[in-house]
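Okay, so here's the structure we're looking at.
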Amino acid sequence: MIKLADVEKYFGSLHVLKNINLTVAEGEKLVIIGPSGSGKSTLIRCINALEEPNSGQVMLNNELLNKQNKTRLVRVNCAMVFQQFNLYPHMTVLKNITLAPIKLQKKSREEARVLAYKYLDLVGLREKANAYPSTLSGGQQQRIAIARALATQQKILLFDEPTSALDPEMVQEVLDVMIKLSSEKNTTMVVVTHEMGFARQVADRVIFMDDGAFVEQGEPDALFDNPQNERTKSFLSKILR
């Protein structure tokens with residue numbers, strides 16, 4: 001579903017991604033971990049065409065991403081959940097969720113409403129359909145953001161540190177929704193997170209990034225319990241205390 005080949009990314013003189021090669025299979029649950037500033041968010045934004053690599057290739061569903069097709073290709077393949085919830089404050093929850101299906105996918109209002117309520121049920125917030133984002137807790141807003149992404153019915157779900165802006169007591173309610181999503185066999189998930197327990201529970205593969213490069217990767221139990229690289233060991237020894 002996703003392939004990156006020899007991807008390099010600079011911000012000015014700052015070398016953010018260094019020769020990134022990555023293949024993510026359909027249905028795979030990939031978790032990317034690493035210290036702040038290691039390039040994790042930039043990597044996921046390159047997949048979603050929010051950032052353009054300086055060199056290298058990004059492919060979605062076997063089609064090369066380029067300037068001409070990137071809007072179409074991302075719209076038909078990817079949905080993204082951000083650190084900040086990015087809900088439209090002047091719209092109700094229901095309108096936030098139905099906007100993309102109606103405007104971008106040309107669904108009828110009734111079709112979009114049916115989808116919205118389906119995913120509001122999944123995230124446990126049907127009763128908030130007519131509420132405005134400002135009346136919701138951070139955890140509720142992020143669950144709505146997940147429902148909004150799901151309503152586009154894309155096969156690839158990208159999560160960029162979806163719990164980092166939440167108070168600790170709200171983190172688990174969002175993780176519980178993501179754990180539920182991970183049971184969907186045909187859904188491909190790429191998750192940037194600092195939640196190691198979540199990574200261990202749902203990931204098929206975990207990649208540790210540092211300084212713009214992949215340092216080590218493997219199945220979660222192997223990576224967490226027996227890391228081979230000294231930089232990975234150092235990072236995990238602090239995170240897993």
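The values are calculated or read from the model by the stated rules, or taken from the named source; none is laboratory data. Just so it is clear, the structure is predicted and the values come from calculations on it, not from any experiment. Using ideal geometry, Cβ is built from the backbone for each residue, glycine included, and neighbour counts are taken over all protein chains shown. Ligands, DNA and RNA are stripped out before the accessible areas are found, and what is left, the full protein with its side chains, is counted by its heavy atoms. Shrake-Rupley method; radii C 1.70, N 1.55, O 1.52, S 1.80 Å.
Here are the numbers for this structure:
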{"read-out": "Heavy-atom accessible surface of the chain: percent carbon and sulfur, 1.4 Å", "value": "46 percent"}
{"read-out": "Net charge, ASN19 excluded, C-beta distance under 15 Å - Lys, Arg +1, Asp, Glu -1", "value": "-1"}
{"read-out": "Rounded accessible area per residue of the chain, 1.4 Å, Å²", "value": "48 Å²"}
{"read-out": "Coil-residue trypsin sites (Lys or Arg not before Pro) of the stretch 1-73, DSSP, other Cβ within 10 Å capped at 15", "value": "LYS67"}
{"read-out": "Summed residue charge, Cβ within 10 Å of LEU60's Cβ, Lys/Arg positive, Asp/Glu negative", "value": "+2"}
{"read-out": "Accessible-area order (highest first, 1.4 angstrom probe) of the listed residues ARG75, ARG241, ARG205", "value": "ARG241, ARG75, ARG205"}
{"read-out": "Helical segments meeting 18 Å axial Cα length and Kyte-Doolittle 0.5 threshold in the chain (DSSP H)", "value": "168-181"}
{"read-out": "HIS15 paired with THR135, simple spin-label distance in nm, labels 7 Å along Cα-to-beta-carbon", "value": "5.3 nm"}
{"read-out": "Proximal aspartates and glutamates to LYS29, defined as alpha-carbon separation beneath 17 angstrom and excluding residues fewer than eight positions away on the same chain", "value": "ASP160, GLU161, ASP176, GLU184, GLU195, ASP204, GLU216, GLU219, ASP221"}
{"read-out": "Sequence-distant lysines (8 or more away, or on other chains) whose Cα lies within less than 26 Å of LYS95", "value": "LYS70, LYS103, LYS106, LYS107, LYS118, LYS128, LYS155, LYS180"}
{"read-out": "Estimated dipole of the stretch 188-241 in Debye, rounded to 20 [Cβ of Lys and Arg +1, of Asp and Glu -1, Cα centre]", "value": "180 debye"}
{"read-out": "GluC sites (Glu not before Pro) restricted to DSSP loop in the stretch 140-187 with at most 15 other C-beta within 10 Å", "value": "GLU184"}
{"read-out": "Helix-only [θ]222 nm of the chain, DSSP H runs n ≥ 4, -39500 (n - 2.57) each, per residue, nearest 500", "value": "-11500 deg cm²/dmol"}
{"read-out": "When the stretch 115-210 is reduced to its Cα atoms, the Kirkwood hydrodynamic radius in Å", "value": "14.0 Å"}
{"read-out": "Computed label-point distance, nm, for sites GLU230 and ASP6 using a 7 Å Cα→Cβ extension", "value": "3.1 nm"}
